[in-house]
Amino acid sequence: MDFIKGYKENAVLRASFNELAKKTFGIEFEDWYQLGYWTDKYVPYSFVEKGKVIANVSVNILQLVIDGQTVPAIQIGTVMTDEKYRNRGLSRQLMEKVLSDYKDIDLMYLFANETVLDFYPKFGFERMDETLYSVDVKPKGNMPPPKIRDLDFIYECMKRRQSICHFGTREAEELLMFYAINVFAEDMYYLEQERVIVVYKIDGKILHLYDVISSDQVNLQEIINQLSAETTSKVEFHFTPGIDGVHKEKTMGENVLFVRNTGNIKFPKYFKHPITSQA
């Protein structure tokens, strides 16, 4: 069994990595790679046996913006082990390698499902509750704006985006492109007059707003008013909105946030990590 990291240009290992990711999570990274969005900011740490990836922990290099302060951070994701090789401590060994390589980074975090909540505290990660933000709105009966599918345009907008809140991410445009390709391909719209990309879905009376991307500061309330449909009575934000009058509810969501904060960086009382840069 060999340890290998950062092998995105190796077609055989990349294919095996994709196979394990698809079997474990139902996702794969090949389109993301072929379109040029798998950069050196995404680094898989893997054990390989006979040319096959059998366990992995991936590193995402990015920055968190916390109350105006930009903090270098590592987000860990794509933690997976082939079912034939589980219960052998492979994930533990890979986590130890990541922690050793990035020991100078004060802030590491990840999102974990309920089956592994006892695993990450062994490495100094502490559980943190996020906040579900929502606001009541009046139905407007608007038609949806035009969809946007131009990935190059989306990527350029993402690289130039301005933060719209006191908690968010930077240098995470490649993560958003993964969502643009694999998750929200049919849910991205462009408000031409405002030069704003919005990512949202309407489910009954609830408008789920996943992201707002602009190189300029935006009036989020005006954006909401333009998106509100005939049935819309509530907007739920999947990021931290920078507007007043929102409801706040502590929540764990489907995945639980764990943070390893060796620099004692102060987090706000209420925040929601943007879903479009969640690994």
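Laid out as a table, the results:
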{"quantity": "From Val212, Val218, residue being among the aliphatic types (A, V, I, L, M) and at pLDDT 95 or above", "calculated": "Val212"}
{"quantity": "Hey, Leu227 over 19 Å from the mean Cα position of the chain (by Cα) and either surrounded by 14 or more Cβ atoms within 10 Å (Cβ to Cβ) or not hydrophobic (A, V, I, L, M, F, W, C) (or both) or not", "calculated": "yes"}
{"quantity": "Any pair with Cβ under 6 angstrom, 6 or more apart, that starts in region 1-18 at a residue that is among the acidic types (Asp, Glu) and ends at one that is surrounded by 14 or more Cβ atoms within 10 Å (Cβ to Cβ)", "calculated": "Asp2/Val48"}
{"quantity": "Whichever residue in region 133-146 is surrounded by 12 or more Cβ atoms within 10 Å (Cβ to Cβ) and of a type outside the set (Gly, Ala, Ser) and, among such residues, is nearest to Pro274 (Cα to Cα)", "calculated": "Tyr133"}
{"quantity": "Per-region count, region 95-108, residues part of a helix (DSSP H, G or I) and either among the basic types (Lys, Arg) or more than 21 Å from the chain's Cα centre (by Cα) (or both)", "calculated": "4"}
{"quantity": "Filtered residues of region 134-155 (kept if at pLDDT 95 or above and either within 17 Å of the chain's Cα centre (by Cα) or over 26 Å from Lys205 (Cβ atoms) (or both))", "calculated": "Asp150, Leu151, Asp152, Phe153, Ile154, Tyr155"}
{"quantity": "Residues of region 234-246 classified as open to solvent by 30 Å² or more (accessible area, probe 1.4 Å) and either closer than 23 Å to Ser277 by Cα or modelled with pLDDT of 95 or more (or both), total", "calculated": "4"}
{"quantity": "Every residue from region 72-89 that is open to solvent by less than 10 Å² (accessible area, probe 1.4 Å) and either assigned to a helix (DSSP H, G or I) or not charged (D, E, K, R) (or both)", "calculated": "Ala73, Ile74, Gln75, Ile76, Gly77, Met80"}
{"quantity": "Hits in region 201-210 (condition: open to solvent by 10 Å² or more (accessible area, probe 1.4 Å) and on the phi < 0 side of the Ramachandran plot)", "calculated": "Lys201, Ile202, Asp203, Lys205, Ile206, His208, Tyr210"}
{"quantity": "So Met158, is it under 15 Å from the mean Cα position of the chain (by Cα) and surrounded by 15 or more Cβ atoms within 10 Å (Cβ to Cβ)", "calculated": "yes"}
{"quantity": "Those residues of region 109-120 which are part of a strand (DSSP E or B) and either exposed (fewer than 13 other Cβ atoms within 10 Å of the Cβ) or not hydroxyl-bearing (Ser, Thr, Tyr) (or both), in sequence order", "calculated": "Leu110, Phe111, Ala112"}
{"quantity": "Failed condition for Val183, given (1) under 15 Å from Tyr210 (Cα atoms); (2) in contact (Cβ under 8 Å) with a residue 24 or more places away in the chain; (3) among the β-branched types (Val, Ile, Thr)", "calculated": "(2)"}
{"quantity": "Flag if Ile27 is touching a strand residue (DSSP E or B) at 6+ places or on another chain (Cβ under 9 Å), open to solvent by 50 Å² or more (accessible area, probe 1.4 Å), under 25 Å from Lys272 (Cβ atoms) and part of a loop (DSSP other than H, G, I, E, B)", "calculated": "yes"}
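The values are calculated or read from the model by the stated rules, or taken from the named source; none is laboratory data. This structure is a prediction, so every number in the text was calculated from the model and none was measured. In this analysis, Cβ positions are derived from the backbone assuming ideal geometry, glycine residues included, and neighbour counts consider all displayed protein chains. Side chains included, ligands, DNA and RNA excluded: accessible areas come from the protein's heavy atoms. Shrake-Rupley method; radii C 1.70, N 1.55, O 1.52, S 1.80 Å.
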